[in-house]
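J.: This is the structure I have questions about; it appears just below.
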Amino acid sequence: MHSFGYRLNALLTFAVTILALMCAMGSLSDNLNTPSPSAEIQIMNINWFQKQPQGNDEVFIFVAAEYETPKNSLNQVSLWDAIIPAKEHAKFWIHTSNKYRFVDQGNNLRGKKFNLTLHWHVMPKTGKMFADKLVMTGYSLPEEYR
């Protein structure tokens, strides 16, 4: 007969092997899943946004002002962000002003055209992170500041 320690070792080895196999199958099955969240955003005026991102797991969303300069092809200023913790909270309406200021360090942005872009990153509990964005064009900064 085998001792108690030998039997316990065999049982734990079998359990860890099954657990590793289940983890590998779960990881490989993630390649079959293609998340497809969608978003809508409406500009009510420059500080009013209506958003309806849809996704699964946890979703990080933010609205950024994006513009070009001679030095950089893409500059981003984050204006608002939020975390959607669960699918039940994915549809919401919010009326807010920008969380972070869009400040011109000097006079470089006067009259500059910019886009408002809604970015979202789906962060599943396991598997690959998915990111996408919705770009709204046609905004410009004033020629003169107060």
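The values are calculated or read from the model by the stated rules, or taken from the named source; none is laboratory data. The structure presented is a predicted model; accordingly, all values stated were derived computationally and were not measured. All Cβ positions, glycine included, derive from the backbone under ideal geometry; neighbour counts span all protein chains shown. Surface areas here come from the heavy atoms of the whole protein model, side chains and all, with no ligands, DNA or RNA. Shrake-Rupley method; radii C 1.70, N 1.55, O 1.52, S 1.80 Å.
J.: Consider Asn45 against the criteria (1) surrounded by 11 or more Cβ atoms within 10 Å (Cβ to Cβ); (2) closer than 21 Å to Ser140 by Cα; (3) among the polar types (S, T, N, Q); (4) modelled with pLDDT under 60: it satisfies all of them except one. Which criterion is unmet?
T.: Single failed check for Asn45: (1).
J.: Tell me which residues, restricted to region 113-131, are modelled with pLDDT of 85 or more and among the charged types (D, E, K, R).
T.: Selection gives Lys113 alone.
J.: If you go through region 115-138, how many residues are open to solvent by 60 Å² or more (accessible area, probe 1.4 Å) and in a loop (DSSP other than H, G, I, E, B)?
T.: Adding up the residues that qualify gives 4.
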